[in-house]
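Remarks on the structure that follows.
Every number here is computed from the coordinates shown, using simple stated rules; none is lab data. Just so you know, these numbers come straight off a predicted model, no measurement behind them. With ideal geometry, Cβ positions are generated from the backbone for all residues, glycine too; neighbour counts draw on all protein chains shown.
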Amino acid sequence: MNKFASTDEQTAGDQIVAIPTLVRKLPEPLRRIVGDLSNTERTLVGLQLRLAKQEK
Amino acid sequence: MSKTVDHQAPVNPGLAKAPTGIQGLDEITGGGLPRGRPTLVCGSAGCGKTLLAMEFLVRGATQFGEPGVFMSFEETTQELTQNVRSLGFDLDDLVQQKKLAMDFVRVERNEIEETGEYDLEGLFVRLNFAIDSVGAKRVVLDTIEALFSGLSNIAILRGELRRLFRWLKDKGVTAVITCESGEGTLTKHSLEEYVSDCVIVLDHRVTDQMSTRRLRIVKYRGTSHETNEYPFLIDEDGISVLPVTSLGLQHTASAERISSGIPRLDAMLGGEGYFRSSTVLMSGTAGSGKTSIAAHFAAAACQRGERCLYFAFEESPGQILRNMRSIGIDLEQWVDKGLLHFHASRAAIHGLEMHLATIHKLVREFQPRVVIMDPVGSLTSVGTRQDANVMLTRLIDFLKMQGITALLTSLTSGDEALEQTVVNVSTLVDTWLLLRDLELDGERNRVMYVLKSRGMAHSNQLREFLLTDQGVELQNVYLGAEGVLTGSARQTREAMEKAARLLRHQEVEAKQRERVLKREAQEARIIALQKEFEAEEEVAKRDSDQERSREETNRQDRDRMGISRQGDKVLKDAEPSARSHQTPRVRA
């Protein structure tokens, strides 16, 4: 059903609750991008590719 | 597992129930939580939600053969394990035995960026995996509302939670969902809209600096349940709810009588003592001998081989033992034999509920036939009078239903009416002994009377009693002009009566002696009279003999005269000697 959480153990280990979730493990800090990424702006902010302040 | 299910078959066949194994909770829910349905447990922070849920799981796994899943949103697995270890729950062991699966779901707001539509399928997958891994029948979601703080899309969350609860039902697991209580609503996020089968509210209130936890079943669809608030406590054995359902009047009345330990007091109580499983109240002023009479009762119970539980709220066991030894009651031997158990605690160390629970617990463990509480009045120092009343009512009912005879002592302070107890339990008790001090002639003496005693003919007399080396001794009753005589007045009266008795005795003896003498005199007279009579008889006999011999002589003379005259023949009645004397004369 989803390509991110393929096995049961993985969902627990990566603390997946919502589907779909994109986890950025490195570089620290860990980030979870929840949702279908339809909001590109927030996705970029979430991945810390863009500063949140610039969003406004 | 199915065996336990059958065993716990509910009264209502329409709704199966999963027993919680939590003391008292199954009683008030009529068998447990609705099987296969979610139950909402809500309450403020620190009111015991997590513990209740955890105990439900652990008891299910250990006692009812139902494995469980604990999904925590707030505490990590390690934290939880440590927290409940103090209650004797070894979660690690249960996890190893595949009786329990635990999962910590971490939802951190600062880690999460929401970028569009999503669902909580991840949660479902994890839950499903956990359930399947142990074959769980019970599921706990501990504070699922943590999701609301981590995720901001309320619409999605609500929709997904609704789906989750539906899914749990379809899965057929008995679920407990805990959540925070909100302002004006049962839960902060109105989860009660989705979970409508059973809602339990926990509450933690502080009144007069004493905290009390309470539990209430707000809703239980398809079953009758108690709607009152029940106090509950958390101790080293987990949660125990105190069902007020025991506030019943269904207890059977025993006709058996048991001795109070004081024979003359038994005599006052219709000659046989108290009724078994009745409640006896003994109220009195300070130093009126309440504990001594209670000790007599305890000793009497132990002597019969019955177990006695003594709750002391003001004295330590050692102190009671020493004091009772001074009046000749050896309680120590019964303590050594395990028949007498003291439980001493200051009333103020716990709240009333804790006391009640302790008493319940000890009674269940020790199984006594006699319970003594000395004094119950001190419990009012803990709660309000009303609370103490409710608690005592519950306690008395509980003891009665167990068939336990209870002796409660109550201190009456000087400024109160004697017939008023500190706690208004007078209507609940069956026998009420009133002890008081009588001040008379510069003395203070102890008296007691039976104020009431249901179901028996009891004495209406005021009796003085003494605390002697042989224990409590009831004294004889002497009535004077001003009522009952006590103390030295009684002793004076006793001495006077003794003197009078002696005098009377002496008089009687003197009279008796007199009578003996009189009889002896009379007997002597009778003998004298008899002698006199005999003498008279003697005289009479002599007279008649003389008379006869004189007549004989006369006749002989006559005969002789006739012979000499040669007259008539000898008279027929003549003497033979005369005849023989005649014949030769005829022949001649």
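Taking amide H as placed 1.01 Å from N in the peptide plane, the amide H of A:ILE19 sits under 5 Å from that of B:ASP119, B:LEU120, B:GLU121, B:GLY122, each at least 5 places away or on another chain.
Using Cα positions and a limit of under 20 Å, work out the aspartates and glutamates in reach of B:LYS541, with same-chain residues fewer than 8 apart set aside. The qualifying aspartates and glutamates are B:GLU532, B:GLU551, B:GLU552.
Averaged over the residues of B:104-111, the number of partner chain Cβ atoms lying within 10 Å of the residue Cβ comes to 4.
Coupling constants for the stretch B:517-525 follow from the phi torsions by the Karplus curve (6.51 cos²θ - 1.76 cosθ + 1.60, θ = phi - 60°), and in residue order they are 4, 4, 5, 4, 4, 5, 4, 4, 5 Hz; glycine and proline get x. Here B:LYS511 is the anchor, and the aspartates and glutamates within straight C-alpha reach of less than 16 Å, apart from those fewer than 8 places off in the same chain, are B:GLU520.
Sorted ascending by nearby beta carbons within 10 Å, beginning with the fewest, B:ASP543, B:ASP26 become B:ASP543, B:ASP26. Close amide H partners of B:ILE372, meaning residues 5 or more places away or on another chain with modelled amide H under 5 Å apart, are B:LEU309, B:TYR310, B:PHE311, B:LEU407.
For the protein assembly as shown, place one equal point scatterer on every Cα, skip the solvent, and apply the Debye formula. What is log10 of I(q)/I(0) at q = 0.05, 0.06, 0.08 Å⁻¹? Once normalised to I(0) and log-transformed, intensities are -0.44, -0.55, -0.78. With neighbours defined as other Cβ atoms within 10 Å of a residue's Cβ, the residues B:SER288, B:SER426, B:SER240 order from fewest to most as B:SER426, B:SER240, B:SER288.
Send over the Kirkwood Rh of chain B, from the inverse of the averaged 1/r over different Cα pairs, rounded to one decimal Å. Hydrodynamic radius (Kirkwood, Cα pairs) of chain B is 31.6 Å. Considering only Cα-Cα distances, which of the following residue pairs are longer than 20 Å: B:LYS219/B:LYS361; B:LYS219/B:LYS400; B:LYS99/B:LYS219; B:LYS188/B:LYS219; B:LYS17/B:LYS219? Where the Cα-Cα span goes over 20 Å, the pairs concerned are B:LYS219/B:LYS361; B:LYS219/B:LYS400; B:LYS99/B:LYS219. Of the GluC sites (Glu not before Pro) found in the stretch B:183-238, those in coil by DSSP whose Cβ has at most 11 other Cβ atoms within 10 Å are B:GLU183, B:GLU236. Once the Cα atoms are used to define both axes, helix B:49-63 deviates from the longest principal axis of chain B by about 70 degrees.
Scalar couplings 3J(HN,Hα) for the stretch B:142-149, obtained by applying the Karplus form with A = 6.51, B = -1.76, C = 1.60 to θ = phi - 60°, are 8, 6, 5, 5, 4, 4, 5, 7 Hz; x denotes Gly and Pro.
Here the Karplus curve 6.51 cos²θ - 1.76 cosθ + 1.60, taken at θ = phi - 60°, turns the phi angles of the stretch B:435-443 into couplings of 9, 8, 9, 9, 9, 7, 6, x, 10 Hz, with x standing for Gly and Pro. With respect to chain B, whose longest principal axis is taken over its alpha-carbon atoms, helix B:290-303 is tilted by about 80°.
Exposure proxy shown here: for B:TRP334, B:TRP167, B:TRP432, the number of other Cβ atoms within 10 Å sets the order, fewest to most, as B:TRP167, B:TRP334, B:TRP432. Less than 5 angstrom separates the built amide H of B:CYS198 from those of B:LEU40, B:ARG221, all sequence-distant by 5 or more or on a different chain. Counted by Cβ distance under 13 Å from B:ALA298, the other residues give a net charge of +1, where Lys and Arg count +1 and Asp and Glu count -1. Principal-axis analysis of the Cα atoms of chain B puts helix B:121-134 at an angle of about 40° to the longest axis.
From helices alone, chain B scores -13000 deg cm²/dmol at 222 nm; the rule is -39500 (n - 2.57) for each run of n ≥ 4 DSSP H residues, then divide by the residue total.
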